[in-house]
Amino acid sequence: MTAHDHSSIVLTRNQKLVLDVVSGAKLPQSAYDILDKLRGDGFKAPLQVYRALDKLLAHGLVHRLESLSAFIACQHPHGEGRAATVFMICDECGTVSEQTDTCISGDLRKLAKTDGFSVKQANIEVRGVCRKH
């Protein structure tokens with residue numbers, strides 16, 4: 001499934017199928033990419049994919065990359081109080097690396113505190129070029 005254990009989560013058939021597509025992909029997948037791959041499994045409309053993705057996001061099994069309007073499988077366990085996940089997105093080959101860093105998380109909490117803001121979640125997307133290029 002993913003790099004961490006979510007065996008206690010019960011998924012519907014559609015959620016499992018969507019997760020399998022996202023987990024098996026080498027690159028981030030848009031909802032329409034997922035729909036195209038699941039048409040043979042009875043998926044007919046983007047809404048079916050989005051419903052499944054919403055639940056997978058809520059369970060922390062996938063992440064949405066805002067800048068790409070695409071989804072990737074979660075690669076790291078995230079505990080309560082997690083503030084930041086950093087996605088390194090290669091503009092050349094499209095690969096995405098998921099990282100977490102306690103220093104960045106702490107800095108975000110400190111910065112937010114100066115404005116009286118409480119951070120629940122932060123996803124940082126860094127665009128650049130990976131070591132292969």
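The values are calculated or read from the model by the stated rules, or taken from the named source; none is laboratory data. A quick note: this is a predicted structure, and the numbers were derived from the prediction, not measured. Note that we place each Cβ from the backbone using ideal geometry, even for glycine, and neighbour counts take in every protein chain shown. Accessible surface areas use protein heavy atoms only, side chains included; no ligands, DNA or RNA. Shrake-Rupley method; radii C 1.70, N 1.55, O 1.52, S 1.80 Å.
Annotations for the structure displayed:
- Comparison of Ser30, Ser69 shows that the only residue that is among the hydroxyl-bearing types (Ser, Thr, Tyr) and at positive phi is Ser69.
- Note on region 67-85: residues that are at pLDDT below 90 and part of a loop (DSSP other than H, G, I, E, B) amount to 9.
- Meets criteria (more than 23 Å from Val126 (Cβ to Cβ) and in contact (Cβ under 8 Å) with a residue 24 or more places away in the chain) for Lys26: no
- Positions within region 86-122 being at pLDDT below 90, open to solvent by less than 60 Å² (accessible area, probe 1.4 Å) and among the hydroxyl-bearing types (Ser, Thr, Tyr), in sequence order: Ser105
- Checked against (1) within 25 Å of Ser97 (Cβ to Cβ); (2) modelled with pLDDT under 95; (3) more than 11 Å from the chain's Cα centre (by Cα), Ser8 passes all but a single condition, namely (1).
- Annotation: of all residues in region 39-66 being outside any loop (DSSP other than H, G, I, E, B), aliphatic (A, V, I, L, M) and surrounded by 11 or more Cβ atoms within 10 Å (Cβ to Cβ), the one that is farthest from the chain's Cα centre (by Cα) is Leu47.
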